[in-house]
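Take a look at the structure below.
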Amino acid sequence: MKFRFDQYWYRHRSQPRSLTYSTLRLLDGSGYNKTVEKRMLNYRIIIEPEKSPDGSNVYVAYCPTLGISDYGDSVENVLESIKDGIKLAIESLAREKKEVPSDDINDQIITSAQISVSS
């Protein structure tokens with residue numbers, strides 16, 4: 001069986017979620033051609049430090065678009081863990097034939113604000 005991998009960049013305002021496509025074509029001797037397309041989806045992830053009940057530091061990650069969260073002992077651990085959770089959520093939505101939401105991070109402005117209040 002032969003494998004052919006084509007990758008190209010695609011960006012269009014009407015499809016902001018589909019920033020990168022990877023196409024894998026499987027060709028066997030009978031001429032059977034199966035195309036599997038993958039697209040890169042973007043998600044906002046918010047990571048905040050917290051104290052656990054035993055006093056140790058943990059990091060909590062939240063993906064508001066999918067409504068999932070996870071925690072870990074370090075930023076790297078929680079980021080890896082939330083990515084696994086995002087993949088599972090996407091697979092579950094796809095299996096149920098539901099729309100898979102994603103963020104168009106190019107059009108978002110993410111900031112913070114400090115507000116002074118009287119005590």
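Taking the criterion of being within 29 Å of S52 (Cβ to Cβ) and hydroxyl-bearing (S, T, Y), would at least one residue in segment 80-90 satisfy it? Within segment 80-90 (the criterion being within 29 Å of S52 (Cβ to Cβ) and hydroxyl-bearing (S, T, Y)), the answer is yes, since at least one residue qualifies. Taking the listed residues V36, V75, V60, the one that is of a type in the set (V, I, T), outside the structural domain of A89 (by TED's automatic domain parsing) and either modelled with pLDDT of 95 or more or under 21 Å from E99 (Cβ atoms) (or both) is V36, with no other qualifying. On the stretch given as segment 66-119, residues that are under 27 Å from S56 (Cα atoms), loosely packed, with under 12 Cβ neighbours inside 10 Å and not polar (S, T, N, Q) total 3.
The values are calculated or read from the model by the stated rules, or taken from the named source; none is laboratory data. Just so it is clear, the structure is predicted and the values come from calculations on it, not from any experiment. Counting neighbours? That spans all protein chains shown, and the Cβs are built from the backbone with ideal geometry, glycine included.
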